[in-house]
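Below: one structure, written as structure tokens.
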Amino acid sequence: MAKKFEIIFQPDGKRIKVEENTTILDASKEAGIDLVSICGGKGICGKCKVIIEKGELKQQLDDTELKFISEHEIDENYRLACRVKIRDNLIVRIPEESRTGKQRLQVEGIKTKVKLDPVIKKYYIKLEKPTLIDQTSDFDRIKQALKSKFDILNLRINLNLLKNLGELIRSYNWNFTVCIWDNEEIISIEEGDTTNKIYGYATDIGTTKLAGYLLDLHTGEVLAVGSLMNPQIPFGEDVISRIGHKEPNKLQSAVIDGLNKIFEEICEKANINPQHVYELVAVGNTSMHHLFLGIKAKQIGVSPYIPVISRGISVQNEYLKIKMNEFGRIYTLPVISGYVGADTMGVLLSTEIYKKDEICMALDIGTNTEVILGNKDRILTTSCASGPAFEGAHIQFGMRASSGAIEKIKIDPKTLDPEIETIDHVKPRGICGSAIVDIPAEMLKSKIIDVKGKMNYNLDSPRLRKGEKYYEYVLVWGKNSAFNKDIVITQKDIREISLAKAAIHTGTTILLQEFGINESDIDKLFIAGAFGTHINIENARFIGMFPEIPTSKIKTVGNAAGTGARMCLVSKEMRNIIEKISKKVEYIELGAHPDFQKVYLNSNYLPYADLSFYPETSNFLKQVGNFPEKKLHIF
Ligand code: FES
């Protein structure tokens, strides 16, 4: 029998016994410990740092650990939880910077009006009892009543519901309400008149968070909202780790548990009987969509990144077991490609780009940034591998948007001292996405970096110094941080941010090129997602992450994907529209585009190799004396 060891996780004091050779990361998952593991244990992110307080490791630091752990941290017994196997009883401390914390979750989204026409409908009927003369079967009797009273034809019924039908309608004394899905299938039979109790559940399954909305299908009103970190995170923070997981059914159960948790909470909040909720409409990126439906999705991670199915799907709840009405239905919006999913279709629907005369662009920024460009005549989409830098990975002090994260940075160009704001106004623990965009913009404005992103080490400031591995700028002195350590921005961080920005810029540029227009032709830019809600738009424009169009043309739309799901929940027409449009959407695979390399190299500059594209930023840089002396090389 395998040996077992006890691990105590501090500061929580949680104990767990695990088998020999289990990694500390796996043990932490089992113990339900809050430990960051952005790459899912692949040794890529370097965020799962823990301190070994007691016990023998019997394992030297490997090359991966040496890459991420500084000399000073080695002295303090830091290790990467995903690299170290347990071979002794241990006391392991999770340092503040390795905790996920409670993340700020975005549920609010753009409000777009739709005409109410839900797929779920209810009809109240009273039947004549059968007699020796009238020998019509129970099901035919219901069908005849619905046909003569409501003109509903060709109904079918779920077999499991049929099994009890005879008993049910007799116990209801032939006086009951029939709930019908899409004029096709009877999904519930309820005593008396319950026609005013008809609800639906819409959800956005994000890689990081789940958002849920309870809607009254009579009025279209949102009765309650809830959100939760995606419980799949311990299996890997990025989609590639998740779709490649050896037990995808565990990931499916995790997400369904999460959706059920939100569901129970919102039903309780709104005082609604979960049995009166008959449909769930879900959006999510293609990987989340496949994992939720239990479709094996490994192939999405390898070229040519093909999804298993792209059209919208409606399945019976019996397969997924959401805690709503057991015979209810689950509908997922269509997906376009391996990396343009049902969430992007939700954004397309709620921003109404598909019916606009003017040229619109929508950006949903994340590890993958989806771009939509078009109008009523033509729609292009793509997905850019912007990487996890804006979510805090690959940035030395990067973190998610949770308590203590620095969310705003402003640098005084004279003193080079920063002004920062943190979430919840507590001592800073790290830097989250919105401030990660501020970094290159504020550094460029104050001449700490040039348009190539190179730090100007000659500036006279104690904040600029040579760190252990790279040159760095001290954003917060240790005495002011939550864990008594200086929070710095390194030369490598700037490079990572520039690469992420370059990926987005490449996506937008190639779509514009394919459409045959320039940035200045964009009439409206929609910024979707939590990240977009908190970002400094001026700074995003300044570094070339957004086109240099007037800020009045830029609109943040919050969780627009969630709005799209809600629209499809209350309107059959919206489903038909998105199904139709999804077939017309043109997908551009950036990696296969002949200009990809060239545009990407040009986009590595801040804001862009051809500065004439960014006259406002250029003028500013000229004024402050940070304009390049020589013309930049344009590839
Ligand atoms: S390096 Fe350990 S989880 Fe990423």
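We did not get these values from a lab; they are worked out from the coordinates using the rules stated. The shown structure was predicted, so the numbers you read here are calculated from the model rather than taken from an experiment. Cβ atoms come from the backbone with ideal geometry, glycine included; neighbour counts cover every protein chain shown.
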| query | Put +1 on the Cβ of every Lys and Arg and -1 on every Asp and Glu Cβ in region 112-203; which of Ile157, Val114, Tyr199 then has its Cα farthest towards the positive end of the dipole? | reply | Val114
| said: Below 13 angstrom from the Cβ of Asn317, what's the summed charge of the other residues (Lys, Arg +1; Asp, Glu -1)? | reply: -1
| remark: In terms of the alpha carbon gyration tensor, root eigenvalues a ≥ b ≥ c, rounded if a/c is under 1.5 and otherwise prolate when a/b exceeds b/c or oblate, region 397-527 is prolate
| task | Only bridges with both residues in the chain count here: give the DSSP antiparallel percent, nearest 5. | result | 70
| request: Could you run the Debye sum over the Cα atoms of region 168-237, one equal point scatterer each and no solvent, and tell me log10 of I(q)/I(0) at q = 0.17, 0.19, 0.26 Å⁻¹, two decimals? | output: -0.77, -0.84, -1.09
| note | Relative contact order in percent for region 447-555 (Cα pairs under 8 Å, 6+ apart) equals 16
| query | Do you know the relative contact order of region 296-427, to the nearest whole percent, from alpha carbon pairs under 8 angstrom that are 6+ apart? | reply | 12
| Among residues other than Leu162 whose Cβ falls under 10 Å from its Cβ, what is the net charge (Lys/Arg +1, Asp/Glu -1)? | +1
| request: Report, by chain and number, residues whose modeled amide H sits under 5 Å from the one on Leu57, excluding near sequence neighbours (fewer than 5 apart, same chain). | output: none
| task | Arrange the peptides 446-458, 379-391 so that the one whose residues have, on average, the most other Cβ atoms within 10 Å appears first. | result | 379-391, 446-458
| request: Take the Cα atoms of the chain, build their convex hull, and give its volume per residue in Å³. | output: 170
| the chain: relative contact order as a whole-number percent, Cα under 8 Å and 6+ apart | 13
| note | In the neighbourhood of Phe515 defined by beta carbon distances under 15 Å, the net charge of the other residues (Lys, Arg +1; Asp, Glu -1) is -4
| Span-rule helices in the chain, defined as complete DSSP H runs reaching 20 Å or more along the axis (Cα) with Kyte mean at least -0.5 | 248-270, 491-515
| query | Roughly what percent of Cα-Cα pairs across region 358-423 reach past 15 Å? | reply | 67
| For the chain, can you list the cysteines whose C-beta has no other cysteine C-beta under 4.7 Å from it? | Cys48, Cys82, Cys179, Cys267, Cys360, Cys384, Cys432, Cys568
| Fewest-first sequence of Ser227, Ser402 by Cβ atoms within 10 Å of each Cβ | Ser402, Ser227
| query | So what is the 222 nm mean residue ellipticity for the chain from helices alone, if each DSSP H run of at least 4 adds -39500 (n - 2.57) and you divide by all residues, rounding to the nearest 500 deg cm²/dmol? | reply | -8500 deg cm²/dmol
